[in-house]
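Colleague: Submitted below is the structure of interest, expressed as structure tokens.
The values are calculated or read from the model by the stated rules, or taken from the named source; none is laboratory data. Only a predicted model underlies this, so the values are computations on that prediction, with no experimental measurement involved. Glycine gets a Cβ as well: all are built from the backbone with ideal geometry, and neighbour counts include every protein chain shown.
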Amino acid sequence: MAAPQQQIDLTKLQPQQLVEVRKQIDQEIQHFTQSLQALQTAQAKLRDCVASIDNLEKSQDGTGSKDLLVPLTSSLYLPGQVVKKNEYLVDIGTGYFVEKNAPDAKKVYDVKIVKLSEDGAKLKDILMSKNEMLNRVNMVLRDKMVEYEAQQKN
């Protein structure tokens, strides 16, 4: 269970401390945004896997060709042929692959896509709360600066 967060009264902090808090929140927002983008990229790749299985299944129906291009990198492909129809090696994580038929392979990827969607929703909630916190810090900092300028005029 996570430790309860301490609430800091922002109005009691000095402007320099508020600037540091704002920098920290900015860094956290940037980190969570990058994490969300990584999750979305992973989801897209998993959806591509499902689409590839669907496309290969359609092409193997009837008189479809068994020839295909096998990606070695994102820009290098080699010609290949399908050896076993309706059997796929599925990455189940940490470098382990299992042989699955098309429906089972798609189920594995669909479960991963759902999990990434749930994690993405949690990250979006965190980002919203961090943005609200950043807005509060900015408002307090602005008020402190107005107050400081008023004191300087007196």
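Colleague: Condition check: within 30 Å of SER59 (Cα to Cα) and of a type in the set (S, T, N, Q). Does ASN135 satisfy that?
Modeller: No; evaluated as a whole, the condition is false for this residue.
Colleague: With the requirement that a residue be over 17 Å from ILE29 (Cβ atoms) and in contact with a Leu (Cβ under 8 Å, 6 or more places away or on another chain), what does region 127-154 give you?
Modeller: Correct list: VAL140, LYS144.
Colleague: Out of ILE113, ILE126, I need the residue that is surrounded by 12 or more Cβ atoms within 10 Å (Cβ to Cβ), closer than 30 Å to ILE8 by Cβ and either at pLDDT 90 or above or of a type outside the set (A, V, I, L, M, F, W, C) (or both). Which one?
Modeller: ILE126
Colleague: List every residue pair whose Cβ atoms sit under 9 Å apart, with the two residues 6 or more apart in sequence or on different chains, where the first one lies in region 107-126 and is farther than 25 Å from ILE29 by Cβ and in contact (Cβ under 8 Å) with a residue 24 or more places away in the chain and the second, anywhere, is among the hydrophobic types (A, V, I, L, M, F, W, C) and outside any helix (DSSP H, G or I).
Modeller: Sorted first by the residue in region 107-126, then by its partner, the pairs are TYR109/VAL90.
Colleague: Is it the case that some residue within region 88-100 is within 24 Å of LEU46 (Cα to Cα), in contact with a Phe, Trp or Tyr (Cβ under 8 Å, 6 or more places away or on another chain), of a type in the set (A, V, I, L, M) and assigned to a strand (DSSP E or B)?
Modeller: Yes, there is a match, as at least one residue in region 88-100 is within 24 Å of LEU46 (Cα to Cα), in contact with a Phe, Trp or Tyr (Cβ under 8 Å, 6 or more places away or on another chain), of a type in the set (A, V, I, L, M) and assigned to a strand (DSSP E or B).
Colleague: Suppose we keep only residues that are exposed (fewer than 11 other Cβ atoms within 10 Å of the Cβ) and either small (Gly, Ala, Ser) or part of a helix (DSSP H, G or I) (or both) within region 52-70. Which one would you say is modelled with the lowest pLDDT?
Modeller: Selected residue: GLY62.
Colleague: Between a first residue in region 88-101 that is without any contact (Cβ under 8 Å) to a residue 60 or more places away in the chain and a second residue that is among the basic types (Lys, Arg) and surrounded by 12 or more Cβ atoms within 10 Å (Cβ to Cβ), which pairs have beta carbons less than 6 Å apart while being 6 or more apart in sequence or on different chains?
Modeller: Listed by first residue and then by second, the contacts come to TYR88/LYS100; VAL90/LYS100.
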